[in-house]
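What follows is a single structure, written as structure tokens, with notes after it.
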Amino acid sequence: MKRAHAAFAGLGRLRVLRILFLAGFCVVLSRFFYVQVIHFQHYAKLGENQSTRRMNLFPARGAIVDAIGVPLAINADVPYEAINDPEKPVKKKDRDAESQKRTERFYPRASLAGQVIGFVGRDGYGLAGIEFGFDRSLYGQVGWMLVRQDARQRKLFDLELPRKEPEDGYTLALTIDTRIQEIVEECLREGVESTGAKSGTAIVMHPRTGAILGMANYPFFDPNAWISENRSVWANSAVAKVYEPGSTFKLVTAAAAFEEGLVAEDDILHTGDGKLKIFDEYIHDTHKNGDITFRQAITVSSNIAFAKVASKVGAETLFRYIRDFGFGQKTGIDLPGEENGLAKPLSRWSGRTLVTIAMGHEISVTPIQLAAAYSAIANKGVLVAPHVVRFLKRKNEVVQEQGTNPIRRVVSEKTAERLTACFRNVVENKEGTGYEARLNGLAIAGKTGTAEKIDPATGLYQRNKIVASFVGFFPAEEPEVLCLVLLDEPVKVHSGGVAAAPIFRKITQRMLHSQELDYGVRFFAKTPVAAGAGATEKVRAPDFSGLCADSVLARAERARVCVRISGSGQTAASQSMTAGDEVFPGEIIRVSMGGAGLSKKVTVPNVVGLPLREAVGRLNLLGISIKISGRGAVVRQSPAAGAILERGSACSLTAG
């Protein structure tokens, strides 16, 4: 019985096990059916996701080129060792399995237009300048692809998996011409260094279209080395620098007076002994001008005369013209970082504000605002928006083109012509503050500016810290070029006429005589040799022998011919046409430079009318020694302006 009972018990346990096993099998089978049949698509997708990986396909950043197609920003493959800190080498697993290189942004012209172009960060996004402002267009659109990977995370490329190709960024063409940009930067650097200025800005633009042909800031900035550069040089001062303009702002006062019919060119203004009390303070003129016409007041930049004209114009009218000329608001230039400037509302004007704003104080502007305002006069009274981008293109197809953008008419064409004539007198008249900007054979209209800077600590003007500027355009009859030059805190010379105007002259001079530009050939040929003479009348080829490059250019201008300078020497050794030969205006004479060391000959500048200190500084820069008699402003000089002296020779100055 015991054996039978034990056998029966064993059979029971076996039956239970069979039942349990069958139940488990049914559960597994149902789960299998659930996964493989009912939710097959869901779990297949999960498995696919575990064995595939989505990779981004990055586009090629669009290039930036100048107006004639010269590359300014491109992409270049560089090894990892050139990208990463050598003390922190990249681990092999972190590198791209297909390549040991990486694409980086490269700027082949280094610091040329560095602040305008800006730079790209290590993540491939623009951080400053054009690179930042047009980042979306330049960056392109990211694509993607799916790749399989094994258990060791190794990529197994499968051409049948879906993918989306990236779209490369647009190529961006600027209005800036590297041939002009190089001239502007070289002349600006020379000017800043020779005057001891803290910094400088220069803008060259086409006044009728608003196209920026050159825009420079010194000290320069190399975007290839943006990490190591001082951040203070990243900013584009041409659009971001805010300053009191001084006498260049007298444009607005004169424009309002002419347009409203309040003053005529020959109206007499009483300036007395050069001192006028306004409330509890005095305003001064550089010289005692007595009774002068308004034309003369513009020529010599009389503060007292403009104070009296401003009183006739009135606060509301002057403020309206300030706004119409675009001050206190952005110009709309297609560059990031532009400032509004400061034109305080009428409600904040004091009793003295009308007079001080008329002279360019109690108002802050940017260089681009001032350039645009003068362009309105050159453009027959119409204000246009400045721009630096010509067009965007992809695969040789232009998709967006930037044209002329007129904003508003500021003054009538007649008023613009009258102002141009007055500004020509500023440059062409020996008493004019802009006489140092003149070029023989070329009609230039312009205005100087000299403004003391405010001490942030005291709120008072500092006589030893100056912003000197000059802005002009040419040819005055049909302007094609406008140039603004600004120096911050020049030390050796101070006024805009002595510090900034010569830089304008040098920029214009080198543009006219550039081997790659045709300005000189066109402009000189248009100018008559004498009153009544035709453009075909011939002139005499000058003698350039023994002159330095600057003196060669100066002598060429007086003769109204173009020169093409070659060679690495310091003095002219030969020329393609014999001195005295008859040539047509604008004809090209090739001059070969030879010799070594500094040129022994220099051209004497005109210093009559300048304060004695500034005249001495101007002559010292050229290596000319000075003999002085008297005090005050220079009334006579010997030898006269234009004479050729040996370096180290003396020039006698009589002041009174």
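Values in this text are rule-based calculations from the coordinates and carry no lab data. Please read all numbers here as calculations on a predicted model, not as lab measurements. So basically every Cβ, Gly included, is an ideal-geometry build from the backbone, and we count neighbours across all protein chains shown.
Shape annotation for the stretch 422-501: C-alpha extents along the principal axes are 47, 23, 20 Å, from largest to smallest.
Candidate membrane-span-like segments in the chain, meaning DSSP H helices with Cα atoms spread over at least 24 Å of their own axis and a Kyte-Doolittle mean of -1.0 or above, are 2-33, 178-195, with no membrane implied. Rounded, prolate or oblate: which fits the stretch 601-656, taking a ≥ b ≥ c as square roots of the Cα gyration tensor eigenvalues, rounded meaning a/c under 1.5, else prolate when a/b beats b/c? The shape class here is prolate. Could you tell me which of Leu484, Ile624, Val313 has its Cα farthest along the dipole of the chain towards the positive end, charges placed at Cβ (Lys, Arg +1; Asp, Glu -1), taken about the Cα centre? Working it through, the farthest residue towards the positive pole turns out to be Leu484.
Protection proxy ranking, highest mean first, for peptides 373-379, 514-520: 373-379, 514-520, where packing is the per-residue count of other beta-carbon atoms within 10 Å, averaged. About its Cα centre, the chain has a charge dipole of approximately 2960 debye under the convention of +1 per Lys or Arg Cβ and -1 per Asp or Glu Cβ, with nothing else charged. Selection among Gly126, Val142, Thr420 by position relative to the dipole of the chain gives Val142 as farthest towards the positive end (Cβ unit charges, Cα centre). Each peptide among 279-288, 128-137, 313-322 gets the average number of other Cβ atoms lying within 10 Å of its residues, and from highest to lowest they stand as 128-137, 313-322, 279-288. Here's the picture: charge each Lys and Arg Cβ at +1 and each Asp and Glu Cβ at -1 in the chain, and of Ile454, Asn606, His206 the one pushed furthest to the positive end of that dipole is Ile454. Computed over the Cα atoms of the chain, the ratio of the radius of gyration to the Kirkwood radius (Rg/Rh) comes to 1.23.
This model, with +1 at the C-beta of Lys and Arg and -1 at the C-beta of Asp and Glu, gives the stretch 222-367 a dipole about its Cα centre of some 320 debye.
Annotation for the stretch 358-432 versus the stretch 295-345: alpha-carbon center distance of 14 Å. For the stretch 617-647, the set of trypsin sites (Lys or Arg not before Pro) satisfying both a DSSP loop assignment and a count of at most 13 other C-beta atoms within 10 Å is given as Arg631. From helices alone, the chain scores -9000 deg cm²/dmol at 222 nm; the rule is -39500 (n - 2.57) for each run of n ≥ 4 DSSP H residues, then divide by the residue total.
When peptides 289-299, 263-273, 210-220 are ranked by their average number of other Cβ atoms within 10 Å per residue, the highest-first order is 210-220, 289-299, 263-273. What would the Debye equation give as log₁₀ I(q)/I(0) for the stretch 153-259 at q = 0.16, 0.19, 0.22, 0.23 Å⁻¹, counting only Cα atoms as equal point scatterers? At q = 0.16, 0.19, 0.22, 0.23 Å⁻¹ the computed log10 ratios are -0.94, -1.18, -1.36, -1.39.
When Leu442, Leu346, Leu487 are arranged by Cβ crowding within 10 Å, least crowded first, meaning fewest neighbours, the order is Leu346, Leu442, Leu487. Cross-link reach is defined here as a Cα-Cα straight distance under 19 Å, omitting same-chain residues fewer than 8 places apart; for Lys465 the aspartates and glutamates meeting it are Glu193, Glu244, Asp285, Glu362, Glu452, Asp455, Asp488, Glu489, Glu614. If only the Cβ of Lys and Arg carry +1 and only the Cβ of Asp and Glu carry -1, the dipole of the stretch 601-656 around its Cα centre is close to 60 debye. Pairs exceeding 26 Å between alpha-carbon atoms, taken from Lys250/Lys430; Lys380/Lys447; Lys492/Lys601; Lys312/Lys453; Lys288/Lys380: Lys312/Lys453; Lys288/Lys380.
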